[in-house]
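The values are calculated or read from the model by the stated rules, or taken from the named source; none is laboratory data. All values reported here derive from a predicted model rather than from experimental measurement. Glycine also receives a Cβ, built like all others from the backbone with ideal geometry; neighbour counts cover every protein chain displayed. To get the accessible areas, we keep the full protein, side chains included, count just its heavy atoms, and leave off ligands, DNA and RNA. Shrake-Rupley method; radii C 1.70, N 1.55, O 1.52, S 1.80 Å.
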Amino acid sequence: MPIITCIEDLRRIYERRVPRMFYDYCESGSWTEQTFRENSSDFDLIRLRQRVAVNMEGRSSASQMVGQDVAMPVALAPVGSTGMQHADGEIKAARAAEKFGVPYTLSSMSICSIEDVAAATSRPFWFQLYVMRDEDFIARLIQRAKDAQCSALVLTLDLQILGQRHKDLKNGLSVPPKLTPGTIVNLATKWRWGFEMLQTQRRQFGNIVGHAKDVTSINDLSLWAHNQFDPRLDWEKVRKIREQWDGPLILKGILDAEDAKMAADIGADAIVVSNHGGRQLDGALSSIRALPSILEAVGDRVEVHIDGGIRKGQDVLKALAMGAKGTYVGRAYIYGLGAMGEKGVTTALELLHRELDMTMALCGRRNVANLDREILLVPKGFDGEWE
Ligand code: GLV
């Protein structure tokens, strides 16, 4: 067994074990991938202040996100088709999150259904919703999330249309994969993935197939998105969903202070500063650069979370010290899942936790719920002086 010391180690194993089309699906941004890259590289521009001779005993990474206790403020982000990265991937990730004590967010576009994940876990998870044209289907999906006792609804606002990711087009991405000569050659080298996939029946979009009108299979995510995701989504529709959901509502995909104010006005409990992992509008600001102006606009009215580019505990610490109350990782745990199933997700969480805890200590702090910008060295003009 290789010695795994960081998330990058998991990524390398993941790359070897998972079919290319699903690896590429995860590891891409849209168009030139500028925003995808800068989500991570902008974290590296922020430096940490080393402090010494501070008592480091009794550290805590426990906190709260939307009023719920978390072992560390790092939730698992919704990731479409997770069950293609590893057989029953959503169940495996949800179980790892539950044991670790962090929220798991199930994507609308998951392979395992809401009911599958509810049956396999004992603590509530969060559910991510895409707004689709079929309002009855959406109402039923929300009801299914309520029936499953989901403890927060994460409504994604930045995907009325799907951004173009070149690799997915070139690979002919489909769920389950179409057997072309190219995919057969690639799958032949991924025997472990294939063997496990043959043991499960869950190989379709479990929340959709058999639930949405006339949908008995969806092979092509972009075609489905093109036809079904509601391009008319506006703040009025968001307001209606707010009325349909009594629990915590988290609005995901906010990258602009004006939109953050709208989200706060509508009564969101939290927002996620996000550019969808650089998968939608290429050329948009990285999440960490967008964070300061959003905090300034609404930080006292709504809980501000962030995703995008987080691959290290240091990134988590930087986001929290900037003022975010919660963070999400997507790719970082998918690497673990594809590499080693549930154990890999646990490993990813342990790595992030250890890095967060040690970095915090070396910055002279003992409590993640109590961080501030004092521990950071942020380059002048970091959030940009854009005209
Ligand atoms: C869907 O959420 C995607 O980014 O592919």
Exercise. Treating the beta-carbon of each Lys and Arg as +1 and of each Asp and Glu as -1, no other charges, what is the dipole magnitude of the chain about its Cα centre, to the nearest 20 debye?
Worked result: 1160
For this session: In vacuum, with every alpha carbon of the chain counted as one equal point scatterer, what does the Debye formula give for log10 I(q)/I(0) at q = 0.07, 0.09, 0.10, 0.12 Å⁻¹? Two decimals, please.
Result: -0.29, -0.48, -0.60, -0.89
Exercise. Going highest first, how would you order 263-270, 236-243 by mean Cβ packing within 10 Å?
Worked result: 263-270, 236-243
For this session: Specify the inter-centroid distance of region 35-108 and region 355-374, based on alpha-carbon positions, in whole Å.
Result: 15
Exercise. In the chain, which whole DSSP H runs stretch at least 30 Å along their own axis (Cα) and average 0.0 or higher on the Kyte-Doolittle scale?
Worked result: 331-362
Exercise. How far is the Cα center of region 126-163 from the Cα center of region 256-279, in Å?
Worked result: 16
For this session: Mind checking which of THR189, ILE142, VAL298 is farthest towards the positive end of the chain's charge dipole, using Cβ charges of +1 (Lys, Arg) and -1 (Asp, Glu) about the Cα centre?
Result: THR189
For this session: Excluding residues on the same chain fewer than 8 positions from LYS261, give the lysines whose Cα lies under 25 Å from its Cα.
Result: LYS237, LYS240, LYS252, LYS318, LYS325
Seminar exercise, completed: Surrounding charge for GLU115, neighbours by C-beta under 11 angstrom, Lys/Arg +1, Asp/Glu -1, total -1
Exercise. Based on the Cα atoms of region 1-85, what semi-axes does the equivalent ellipsoid have, where each is the square root of 5 times one gyration tensor eigenvalue, given in whole Å with the largest first?
Worked result: 30, 19, 17
For this session: Under 22 Å Cα to Cα from LYS178, which lysines show up? Leave out anything in the same chain fewer than 8 places away.
Result: LYS167, LYS170, LYS190
Seminar exercise, completed: Here P(r) for region 263-329, Cα-Cα distances in 5 Å bins, as whole percents, is 3, 19, 30, 24, 17, 6, 1
Exercise. Where both partners of a DSSP beta bridge lie in the chain, what percent of those bridges are antiparallel, to the nearest 5?
Worked result: 20
Exercise. Over the chain, what percent of the accessible surface lies on carbon and sulfur atoms, probe 1.4 Å?
Worked result: 50
Problem set entry | Kirkwood hydrodynamic radius of region 88-215, from inverse mean 1/r over distinct Cα pairs, in Å | 16.3
For this session: Mind checking which of ILE375, ALA257, MET72 is farthest towards the positive end of the chain's charge dipole, using Cβ charges of +1 (Lys, Arg) and -1 (Asp, Glu) about the Cα centre?
Result: MET72
Exercise. What does the charge count near ASN55 come to, summing +1 for each Lys or Arg and -1 for each Asp or Glu among other residues with Cβ under 12 Å from its Cβ?
Worked result: +3
